[in-house]
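Read through the structure below, which is laid out as structure tokens, and then see the notes.
The values are calculated or read from the model by the stated rules, or taken from the named source; none is laboratory data. Predicted, not measured: the structure shown is a model, and the values here were computed from it. Cβ atoms come from the backbone with ideal geometry, glycine included; neighbour counts cover every protein chain shown.
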Amino acid sequence: MTQSGMTQTDKNTLHYSAVRDRGRIYLAVFRELSQRYGEAEAISVMQSASRAHGLEVGASLAHLAPRDFSGMLEEFFKGPDEGVTYSPEVKEISDSSLDVQMMTCPLKDGWLDMGCSDEEVCTLLSCATAFDKAVWEEAGFDYELEIWAPGKTGCCRTKLTEKSQS
């Protein structure tokens, strides 16, 4: 047990649950915006809000640019619970890149459990990944992002490289 009386397992469960609850809020806001203003406007608003948050997080990771990929793996992908929440599978890590496949995602899992169609989950992930794109841009990395689709293993996949000098 830790000093706070919580085990690491308890903390991991709380972190997963908190992210899953954030997904419930995303879904409720998305559905409300869609009803009031249409799906295109809902997507635009959700992406804009996700991007704004991503810019804040990216600024906190900028010290890892241009190529501290081990640091990025620890600070971002594994996060506060050593990777339990997203189960990052490292496809490649080198001096020039980091390629990570998220094997679990409480957002996606929660949306599917709440009865969202695969199409709605893909739309919601598109909104949520505006966060990731902003993180990488603000942190100073080039990236490739592959969003989950039905039939794919795990969830999203990210490949980071040193920012090009173009």
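Just for the stretch 66-76: of the residues that are surrounded by fewer than 18 Cβ atoms within 10 Å (Cβ to Cβ) and touching a residue at least 12 places away in the same chain (Cβ under 8 Å), which one is nearest to Glu119 (Cα to Cα)?
Glu75
Of the residues making up the stretch 54-72, at least one is outside any helix (DSSP H, G or I) and either under 26 Å from Ala18 (Cα atoms) or among the hydrophobic types (A, V, I, L, M, F, W, C) (or both). With respect to the conditions (1) without any contact (Cβ under 8 Å) to a residue 24 or more places away in the chain; (2) of a type outside the set (D, E, K, R); (3) over 23 Å from Met103 (Cβ atoms); (4) part of a loop (DSSP other than H, G, I, E, B), Gln35 falls short on a single one, namely (4). Condition first: more than 28 Å from Thr153 (Cα to Cα) and surrounded by fewer than 18 Cβ atoms within 10 Å (Cβ to Cβ). Can you find one or more residues in the stretch 10-29 that meet it? Among the residues of the stretch 10-29, not one is more than 28 Å from Thr153 (Cα to Cα) and surrounded by fewer than 18 Cβ atoms within 10 Å (Cβ to Cβ), which makes the answer no. Cβ separations smaller than 8 Å between residues 6+ apart or across chains give the following pairs from the stretch 136-155 residues that are β-branched (Val, Ile, Thr) to residues that are buried (at least 16 other Cβ atoms within 10 Å of the Cβ): Ile147/Cys122; Ile147/Leu125; Ile147/Thr129; Ile147/Cys156; Thr153/Gln101.
Each residue in the stretch 79-92 was checked for being outside any loop (DSSP other than H, G, I, E, B) and either more than 19 Å from Ala128 (Cβ to Cβ) or at pLDDT below 95 (or both), and 7 pass. For the stretch 79-95, filtered to residues that are acidic (Asp, Glu) and at negative phi, the residue that is surrounded by the fewest Cβ atoms within 10 Å (Cβ to Cβ) is Asp95. Only strands (runs of 3 or more DSSP E) whose full extent lies in the stretch 93-166 are considered here, and the ones with at least 1 residues that are within 16 Å of Phe76 (Cβ to Cβ) and touching a helix residue (DSSP H, G or I) at 6+ places or on another chain (Cβ under 6 Å) are 97-102, 141-146. Of all residues in the stretch 46-61, those satisfying the criterion of being surrounded by fewer than 19 Cβ atoms within 10 Å (Cβ to Cβ) and either hydrophobic (A, V, I, L, M, F, W, C) or in contact with a strand residue (DSSP E or B) (Cβ under 9 Å, 6 or more places away or on another chain) (or both) are Ala49, Ala52, Leu55, Val57, Ala59.
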